[in-house]
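Visitor: So that we are looking at the same thing, I have put the structure below in structure tokens.
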Amino acid sequence: MTALTVQGLTKSYGAVPVLAGIDLHVPARTFTALLGPSGCGKSTLLRLIAGFADPDTGTIKLGEQTAFADGRSVPPQRRRIGYVPQEGALFPHRTVAANITFGLPRRHRRSGHRLDELLDLVGLDQAIARRFPHELSGGQQQRVALARALAPEPELVLLDEPFSALDTGLREDTRRAVASALRATDATAILVTHDQAEALSLADQVGIMRDGRLAQLDPPATIYRQPHDAHIARFLGDAVLLPAEVTDGAATCALGTLSVRTSNLAGPAEVLIRPEQLLLHRTGSGPTATVQEISYYGHDAAVRLCVQPEGIGVTARLSGIELPEPGSTVRVSVTGDVLAFPRDRA
Ligand code: ADP
Ligand code: MG
């Protein structure tokens, strides 16, 4: 499959700008996740890439093919893009087989070989082929929708929040099946999601959309560890943000003096600490905190703390194995270095 390059893409509906200049490169055979608040233009961007609507300005290239430039637009059916919408994607009065082979040349439709291959690819049993969409679970429906999108061997696959209607258990399984089908076909893909864990665990790069632009586009570990600003830090993952004073690469805040990662910042700042960086001890010399509340998740727990003397609230994430008692007093330390943002930008 091919690479996608989008440059300077803008789109307004009436007087309302939705996309304000999107630059996005998705290398061939890689997976990009897009995150952003509802209404920020994620679906609009996918629709422009697919050719269902045209941008006001900008260019869209699929490998060597220019899909849109200077008002000239290649129609959707010639872009060779597979599209998996959020829900209601399947034709209700057609069988699974007919849904999947819908976009295939007639001889492929009849042979059944390609159908079996596609069912296999998305982890569905062949017995399902004769069923109708209403006879399938939500997860099965989404796998069928993906199989249909992959059937004509598209150059690029776009998935618009394909798992959001599924409940947790089904979601995890479906997500895994879809990811492995995409990897098996060497797909170049964009996944729009509002699930951070989904974005971080599946994608080669994660883009955060904000105000009609891509605020950041980076590999998962980079975007989590090095968010460009406090807003992105808060949007992707839990963040403890504390006012601080930075001098000589060290930030002094309610949790002590912490080493700052790659910053030439000095003066008033806001430091970013991830909840898993907070360690609790029964004794020691660190700042003291009162344990206020514990949310237990099994594999780990969120421990809400009130840090003395100023009474600042922070949340630590600990393994669920050894947890403090609510109401007890603990010492807090921070492991690893922290990021600092200028306070006015935060
Ligand atoms: P997201 O997918 O990020 O939730 P959308 O791309 O669906 O956001 O929508 C972005 C904005 O554009 C919203 O304010 C929405 O109301 C508006 N919008 C989307 N499509 C149209 C349309 N066809 N006509 C007018 N406004 C639209
Ligand atoms: Mg949307």
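Visitor: Leaving out ligands, DNA and RNA, and with a 1.4 Å probe, what % of the accessible surface on the range 102-230 is carbon or sulfur?
Guide: On the way: 2730 of 5880 Å².
Solvent-exposed carbon and sulfur of the range 102-230 make up 46 percent of the total.
Visitor: In the range 238-345, what percent of the accessible surface is made up of carbon and sulfur (1.4 Å probe, ligands and nucleic acids excluded)?
Guide: On the way: 2770 of 5620 Å².
Roughly 49 percent of what the probe reaches on the range 238-345 is carbon or sulfur.
Visitor: If you don't mind, another one. Once ligands and nucleic acids are excluded and a 1.4 Å probe is used, how much of residue 54 is accessible, expressed in Å² to the nearest 10?
Guide: Using a 1.4 Å probe on the heavy atoms, I get roughly 60 Å².
Visitor: If I fit a long axis through the Cα atoms of helix 168-184 and take the longest principal axis of the Cα atoms of the chain, what angle between them do I get, 0 to 90°, rounded to 10?
Guide: Roughly 60 degrees, rounded to the nearest 10.
Visitor: Among 302-308, 63-69, how do they line up by average Cβ neighbours within 10 Å per residue, starting with the highest?
Guide: 302-308, 63-69
Visitor: Beta carbons within 10 angstrom, averaged per residue: use that to sort the peptides 122-128, 143-149, highest first.
Guide: Taking the mean over residues of other Cβ atoms within 10 Å, the ranking is 143-149, 122-128.
Visitor: For a distance above 36 Å, tell me the whole-number percent of Cα pairs in the chain that qualify. List each step's numbers first, then the result.
Guide: On the way: 20708 of 59685 pairs.
Of all Cα-Cα pairs in the chain, 35 percent lie more than 36 Å apart.
Visitor: Roughly how far apart, in whole Å, are the Cα centres of the range 295-313 and the range 43-122?
Guide: Going from one Cα centre to the other spans 47 Å.
Visitor: Hull surface divided by four, with the convex hull built on the Cα atoms of the range 238-345: how many nm²?
Guide: Taking the Cα atoms of the range 238-345, their convex hull projects to 6.8 nm² on average.
Visitor: What is the sum of charges around residue 160, taking Lys and Arg as +1, Asp and Glu as -1, for the other residues whose C-beta is under 14 Å from the C-beta of residue 160?
Guide: Result for the local shell: -2.
Visitor: With a 1.4 Å probe and every protein chain left in place, work out the accessible area per residue of the chain in Å², rounded to a whole number.
Guide: Details: 16430 Å² over 346 residues.
Per residue, the chain has an accessible area of 47 Å².
Visitor: Applying a 10 Å radius around every beta-carbon, put 28-36, 71-79, 273-281 in order of their mean neighbour count, most first.
Guide: With the highest mean Cβ count within 10 Å placed first, the list reads 28-36, 273-281, 71-79.
Visitor: Using protein chains only and a probe of 1.4 angstrom, how many square angstrom of residue 296 are accessible, to the nearest 10?
Guide: 140 Å²
The values are calculated or read from the model by the stated rules, or taken from the named source; none is laboratory data. Being a predicted model, the structure only gives us computed values, none of them experimental. Backbone-built Cβ (ideal geometry, glycine too); neighbour counts: all protein chains shown. The protein model used for the area step is the full one, side chains on, heavy atoms only, and it has no ligands, DNA or RNA in it. Shrake-Rupley method; radii C 1.70, N 1.55, O 1.52, S 1.80 Å.
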